[in-house]
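Data block below; observations after.
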Amino acid sequence: MYGRRQASLQTKMPDPQNPPQKMMFQLNLRRRGISDQAVLRTMEAVPRDLFVDPADRADAFRDMALGIACGQTISQPFVVAYMTEQLQLQKSHRVLEIGTGSGYQAAVLSKLCSHVLTIERYRTLADRARARLNELGYDNVEVMAGDGFDVPENVGSFDRIIVTAAMEEIPEALSQRLEPGGILIAPVGPLHGVQTLVRLVRTEGGFDRKQLVDVRFVPALPGIAREL
Ligand code: SAH
């Protein structure tokens with residue numbers, strides 16, 4: 001009896017040389033300095049494997065960016081967690097994301113705020129992300145096919161803005177969409193090189209600007225994409 005029970009327990013124990021990927025996923029985020037418990041819990045809850053290409057599912061919980069349709073990428077989990085943490089989200093916040101891609105970052109944001117509007121210049125990606133987010137029950141996310149350099153007036157202003165594509169500079173049209181006290185985070189730098197994450201906080205007199213860490217994002221390009 002005892003022996004049998006022990007044997008079955010042992011088969012369930014993670015092999016210390018090869019712990020399950022999802023456990024490593026959380027450990028890596030902590031090890032790299034993500035400490036906000038709400039962000040960590042959200043990263044655990046959002047199934048990244050359902051946002052990557054089916055062929056890449058085995059790699060979904062590795063800390064790496066992966067290719068998606070239209071030559072774009074789903075960001076590295078650490079960068080998603082880091083940017084989310086830096087936004088200091090509150091449950092009441094309305095958030096704007098530029099660069100929907102797979103919809104993964106939007107899903108993470110949605111669990112920590114009241115509403116996410118995410119804009120994507122590829123219709124194919126916008127449609128797929130919308131369908132996926134609906135299916136998974138992220139019902140406070142709105143996906144819009146459009147141009148993040150030309151956000152429609154009627155969508156209003158936001159408590160938080162996150163740009164997930166590289167920009168040479170943060171357009172004023174975007175920073176002006178921040179509510180007072182609002183935070184914007186964006187990768188700023190050369191479009192095809194290394195960028196620096198920049199965090200703007202809207203103050204009474206203007207903006208406080210802080211440079212965070214180096215990152216690599218695909219470029220933000222103007223206009224709705226012509227191919228699909
Ligand atoms: N946040 C995404 C990854 C973004 S990759 C995720 O979680 O999967 C960057 C995305 O920004 C790409 O899909 C790209 O097409 C989009 N993009 C680039 N320029 C844009 C623009 N001007 N407006 C909206 N989306 C843009």
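The values are calculated or read from the model by the stated rules, or taken from the named source; none is laboratory data. It should be emphasised that the depicted structure is a prediction, and the values quoted were computed from it without experimental measurement. Using ideal geometry, Cβ is built from the backbone for each residue, glycine included, and neighbour counts are taken over all protein chains shown.
Collect the residues in segment 146-156 that are in contact with a strand residue (DSSP E or B) (Cβ under 9 Å, 6 or more places away or on another chain) and exposed (fewer than 15 other Cβ atoms within 10 Å of the Cβ), keeping them in residue-number order. Within segment 146-156, Pro152, Gly156 meet the criteria.
Let me confirm something: among Gly101, Gly71, Gly67, which residue is at positive phi and more than 14 Å from the chain's Cα centre (by Cα)?
When all the criteria are applied, what remains is Gly71.
Of all residues in segment 208-228 being within 16 Å of the ligand (Cβ to nearest atom), more than 16 Å from the chain's Cα centre (by Cα) and not charged (D, E, K, R), which is surrounded by the most Cβ atoms within 10 Å (Cβ to Cβ)? Only one residue tops the list, namely Ala225.
So that you can scan it fast, the table gives a plain yes or no per residue for (1) within 11 Å of the ligand (Cβ to nearest atom); (2) of a type in the set (Val, Ile, Thr); (3) loosely packed, with under 14 Cβ neighbours inside 10 Å; (4) over 22 Å from Ala81 (Cβ atoms):
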| position | (1), (2), (3), (4) |
| --- | --- |
| His115 | no, no, no, no |
| Tyr122 | yes, no, no, yes |
| Ala131 | no, no, yes, yes |
| Glu135 | no, no, yes, yes |
| Asn140 | no, no, no, no |
| Met144 | yes, no, no, yes |
| Ala166 | yes, no, no, no |
| Glu172 | no, no, yes, yes |
| Leu191 | yes, no, no, yes |
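When residues in segment 174-189 are screened for being without any contact (Cβ under 8 Å) to a residue 24 or more places away in the chain, farther than 21 Å from Thr118 by Cβ and more than 16 Å from the ligand (Cβ to nearest atom), 1 of them pass. For segment 146-164, which residues satisfy the criterion of being more than 10 Å from the ligand (Cβ to nearest atom) and touching an Asp or Glu at 6+ places or on another chain (Cβ under 6 Å)? Scanning segment 146-164 gives Ser157, Asp159.
Residue by residue, here is whether (1) in contact with a Phe, Trp or Tyr (Cβ under 7 Å, 6 or more places away or on another chain); (2) within 19 Å of Gln195 (Cβ to Cβ) holds:
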position: Arg62; (1), (2): no, no
position: Met83; (1), (2): no, yes
position: Gln88; (1), (2): no, no
position: Lys91; (1), (2): no, no
position: Arg94; (1), (2): yes, no
position: Ser102; (1), (2): yes, no
position: Ala106; (1), (2): no, no
position: Ser114; (1), (2): no, no
position: Arg121; (1), (2): no, yes
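Find the residue count for segment 73-119, including only residues that are of a type in the set (A, V, I, L, M, F, W, C) and in contact with a Cys (Cβ under 6 Å, 6 or more places away or on another chain).
Of the residues in that region, 2 qualify.
Restricting segment 61-78 to residues that are among the aliphatic types (A, V, I, L, M) and not in a helix (DSSP H, G or I), the residue that is farthest from the ligand (Cβ to nearest atom) is Met64. Contact map, segment 140-167: residues that are assigned to a strand (DSSP E or B) paired with residues that are near the ligand (Cβ under 9 Å from one of its atoms) and aromatic (Phe, Trp, Tyr), Cβ distance under 7 Å, separation 6+ or inter-chain. Pairs shown: Ala166/Phe217.
Looking only at residues in segment 31-55 that are without any contact (Cβ under 8 Å) to a residue 60 or more places away in the chain and within 12 Å of the ligand (Cβ to nearest atom), the one that is surrounded by the fewest Cβ atoms within 10 Å (Cβ to Cβ) is Asp53. Take the conditions (1) at pLDDT below 95; (2) basic (Lys, Arg); (3) surrounded by 16 or more Cβ atoms within 10 Å (Cβ to Cβ); Lys22 misses just one of them, which is (3). Exactly one residue out of Ala81, Ala58, Ala107 is assigned to a helix (DSSP H, G or I), more than 11 Å from the ligand (Cβ to nearest atom) and crowded, with 21+ Cβ neighbours inside 10 Å, and it is Ala81.
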